[in-house]
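Student: Take a look at the following structure, please.
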Amino acid sequence: MKGKMLKHVIIIGAGVVGLSAARAAIKAGFRVTLLEQGAVPNPQSASHDQHRLIRYQYGKAAGYTTMVRHAFGAWQRLWDDLGICLFERTGALGLSHAPTDYVADTLRTFQDLRIPHERLNSVEIERLAPHLTVPEGTWGLLNEDGGVLLADRIVTALADWVRNAGANVRANTRVAHVDMYRALVSLGDGTDLQADTVLVAAGAWLGELLPEFARPTYRQAVCYVDVPDDIMHQWRSGPCLTDIGIGDNYALMPVRDTGLKFGSGAHRTAGGPALGFGADPDEGCQVMAPFLPFLRHADLYRPRRMAVGYYVKDSSEAFHADMVGRTLVITNCDGQMFKFGPLMGEKLIACVQGTLSPAELKLWSAGGRPASE
């Protein structure tokens, strides 16, 4: 007697979400085809950088704060599958400069959700992070669970796992069209692929493939920074920074041969991947500028190199998951998705399986909670 035919899911996009969904689909018993327009992993995807930050700090967004708790569990399930942990627990520290700023909002959320934390005064901040100098009256919010996800190594290991588990991974394969109601994918070479369900996780390229889902795209450039060894040692021994100065400024400490990385939301500019991935080294000075008032020996910091990525981001600042016909689309991932990659992959496939409804997935992914808390 012939075995039962496995249901087939086609996943478009091999960033952290696409790869995580492929893993979840394989574990759920699906036949998986993963399509990526570039290499797998793709060095031009938003997922491809030395490291990314996972932290509980989310201002007033209790839904996403709760999701971080579940994300840690999903990462542990991934480490169990990979046989290696690609995470460094460093702690994550934000500095508050006003009674109603993002860090102050986060403190109230932490208190409501009983997230472990410490509130530090300026002296305690400088004791914990002697490379910083902070004005009197500035206070810090520390959560010790946050830290560094080794992004490049994660997507490489995930891609290997997915291939070894039997997925049909097709790199350098352009998708020309998706018939969302028939789950039919037309490739650039003229061939068609049929599936039971299509999952689209195309990141900043989504608007080109499905214009009806087009949303604003942005270029984000982060700066890797050089500093003398004694100061670099202080960074290695301290926490990552979630918020410093005015605006969305963050710093990832150097761990496991990664660099010291500064990023600033204020440096985000409108534009898509067609603008390219190059950056003038002088741009690094612009990224570093908001940090300088808070850096002891700021004159010793130098931009080393830039890394450029592109994200979809609309005014809702919430992930969007939409089922149209037999096609599930995830978008509006901003620069916030990496920390949720394995968890999002599990939830997307739960929706494909029918154990999570599209409405439940949409609510949860937008930070509106249940699914189930």
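Student: As a test of reading the structure, rank Trp75, Trp205 by solvent-accessible area (1.4 Å probe, protein chains only), most first.
Tutor: Listed by decreasing accessible area, they come as Trp205, Trp75.
Student: Here is a further query. Summing +1 for each Lys or Arg and -1 for each Asp or Glu, what net charge is found among the other residues whose Cβ lies under 12 Å from the Cβ of Leu328?
Tutor: Combined, the nearby Lys, Arg, Asp and Glu give +1.
Student: Roughly how many Å² of Glu118 are accessible to a 1.4 Å probe, to the nearest 10?
Tutor: Approximately 80 Å² of Glu118 is accessible to the 1.4 Å probe.
Student: Using DSSP to call loops (not H, G, I, E or B), can you name the trypsin sites (Lys or Arg not before Pro) in the stretch 96-132 whose Cβ has at most 15 other Cβ atoms within 10 angstrom?
Tutor: Filter output for the stretch 96-132: Arg114.
Student: How much accessible area per residue does the stretch 233-278 have, in Å², with a 1.4 Å probe?
Tutor: 39
Student: Further question: Relative contact order of the stretch 190-316, please, whole-number percent, based on alpha carbon pairs below 8 angstrom and at least 6 residues apart.
Tutor: Contact order relative to length: 36 percent.
Student: Net charge near Ala165, counting Lys/Arg +1 and Asp/Glu -1 over other residues with Cβ under 10 Å of its Cβ?
Tutor: +1
Student: Listed here are the pairs Lys7/Lys313; Lys261/Lys313; Lys7/Lys261; which of them are more than 31 Å apart at the Cα?
Tutor: Correct reply: Lys7/Lys313; Lys7/Lys261.
Student: Give the aspartates and glutamates reachable from Lys347 as a straight Cα distance under 16 Å; neighbours fewer than 8 places away on the same chain don't count.
Tutor: Within reach: Asp322, Glu360, Glu373.
Student: Using a 1.4 Å probe over the heavy atoms of the protein chains, calculate the carbon and sulfur portion of the accessible area of the stretch 64-177 as a whole percent.
Tutor: After summing per-atom areas, the C and S share lands at 47 percent.
Student: In addition: So what's the back-of-envelope 222 nm ellipticity for the chain, counting only DSSP H runs of four-plus at -39500 (n - 2.57) apiece and dividing by all residues, rounded to 500?
Tutor: That comes out to -8500 deg cm²/dmol.
Student: Looking at the stretch 1-47, which trypsin sites (Lys or Arg not before Pro) are DSSP coil and have at most 12 other C-beta atoms within 10 Å of their C-beta?
Tutor: Lys2, Lys4
Student: If you put +1 on each Lys and Arg Cβ and -1 on each Asp and Glu Cβ, how big is the dipole of the chain around its Cα centre, in Debye rounded to 20?
Tutor: 1140
Student: Oh, and also: Test of understanding: in a Gaussian network model of the chain with alpha carbons linked when under 10 Å, which of Pro228, Pro43, Pro290 would top the mean-square fluctuation ranking?
Tutor: Evaluated over the chain, the most mobile residue of the options is Pro228.
Student: Moving on. Relative contact order of the chain, please, whole-number percent, based on alpha carbon pairs below 8 angstrom and at least 6 residues apart.
Tutor: 23
Student: Can you give me the accessible area per residue for the stretch 1-140, using a 1.4 Å probe, in Å²?
Tutor: 44
Student: Another question about this same structure. Name the long-range amide H neighbours of His177: under 5 Å, sequence gap of 5 or more, or other chain; modelled H, no Pro or chain starts.
Tutor: Correct list: Ser186.
Student: Pulled fully out, how much extra length does the chain show between Glu212 and Glu136, if you take 0.36 nm times their separation in residues and subtract their Cα-Cα distance?
Tutor: Length difference between fully extended and current span is 22.3 nm.
Student: Here's another thing I want to ask about it. Rounded to whole Hz and in sequence order, give me ³J(HN,Hα) for the stretch 232-239 from the Karplus expression 6.51 cos²θ - 1.76 cosθ + 1.60, θ = phi - 60°, writing x for Gly and Pro.
Tutor: Calculated HN-Hα couplings, in order: 4, 4, 5, 4, 4, 8, x, x Hz.
Student: If the cut-off is 18 Å between C-alpha atoms, which aspartates and glutamates fall inside it for Lys27, apart from same-chain ones fewer than 8 positions away?
Tutor: Of all the aspartates and glutamates, those that pass the test against Lys27 - Cα under 18 Å, at least 8 places apart if same chain - are Asp80, Asp81, Asp160, Asp196, Glu346.
The values are calculated or read from the model by the stated rules, or taken from the named source; none is laboratory data. No experiment lies behind these values; they were computed from the predicted model shown. Counting neighbours? That spans all protein chains shown, and the Cβs are built from the backbone with ideal geometry, glycine included. Areas reflect the complete protein model, heavy atoms only, side chains present, ligands, DNA and RNA absent. Shrake-Rupley method; radii C 1.70, N 1.55, O 1.52, S 1.80 Å.
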